[in-house]
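Remarks on the structure that follows.
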Amino acid sequence: MTYKTCPCCHTRKTTSLFHRNIKRKDLVQTYCKLCEKKKEKNRRETYKPRRELEKLARANWIKKNKIKHREYQKVKSREYYKLMPERKFFYYIKTQYNITKEEYIALLKKNNYECNICGIHQSKLKKRLILDHNHKCCDNSKPCKKCIRGLLCDACNRGLGCFSDDTNKLSKAINYINSYKPGSFLC
């Protein structure tokens, strides 16, 4: 067990009471964890009034320059979303479905870039084709790759969602649509 003296509290302590720091020779911080905590709290308290003043100054500037600020925000968000939608989408499918960009593209190619239900092509849609998954597979946790049934357009995905993936409800809806006869309303 190695020991080190903290220059702040002048106490000899084991190195386990110091944060790690791989840049130093002894691989631990200069000050012990307690002293680091006190220093951090003191630093936050010292700069708190300054941060509050900066917040107020910013809020006042925004109030005085509403139109200028709104235009700035519009430009910034447009620039961000022009650069980021693809990264954002692939990050979403990676975190939600554990599907990589390459796997999604392979699935698109396998389906000829078309919705599995209505057959509409990806190029005719405003939104991307959505990964459809079985909600009963993973007990309301994040879906696994086994849950994924295919790619659907937004309309077909919402339709399945409204029927709660219930085949009985879907077959009743089909029967309802097929039983319609023009001019038969309220007769």
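Computed from the coordinates by the stated procedures, all read-outs in this text should not be read as laboratory data. Just so we're clear, the structure is a prediction, and the values are computed from it rather than from any experiment. As a convention, Cβ positions derive from the backbone with ideal geometry for all residues, glycine included, and neighbour counts pool all protein chains shown.
A few comments on the model shown:
- Counting only trypsin sites (Lys or Arg not before Pro) that DSSP places in a loop and that have at most 16 other Cβ atoms within 10 Å, the longest clean stretch of the chain runs over 26-125.
- C-alpha long axis of helix 33-64 to longest principal axis of the chain, angle in °: 60
- Working from Cα pairs under 8 Å separated by at least six residues, relative contact order for the chain is 10 percent.
- As a calculated quantity, the FRET efficiency between residue 57 and residue 178 at R0 = 41 Å, using C-beta atoms, amounts to about 0.05.
- Against the empirical 2.2 N^0.38 Å (N residues), segment 85-178 has a Cα radius of gyration ratio of 1.14.
- Against the chain, whose longest principal axis is taken from its Cα atoms, helix 85-97 shows a tilt of about 90°.
- Between helix 167-179 and the chain: long-axis angle, C-alpha atoms, 0 to 90°, nearest 10: 40
- Taking the helices alone, the chain has a mean residue ellipticity at 222 nm of -17000 deg cm²/dmol, built from -39,500 (n - 2.57) per DSSP H run of at least 4 residues and averaged over all its residues.
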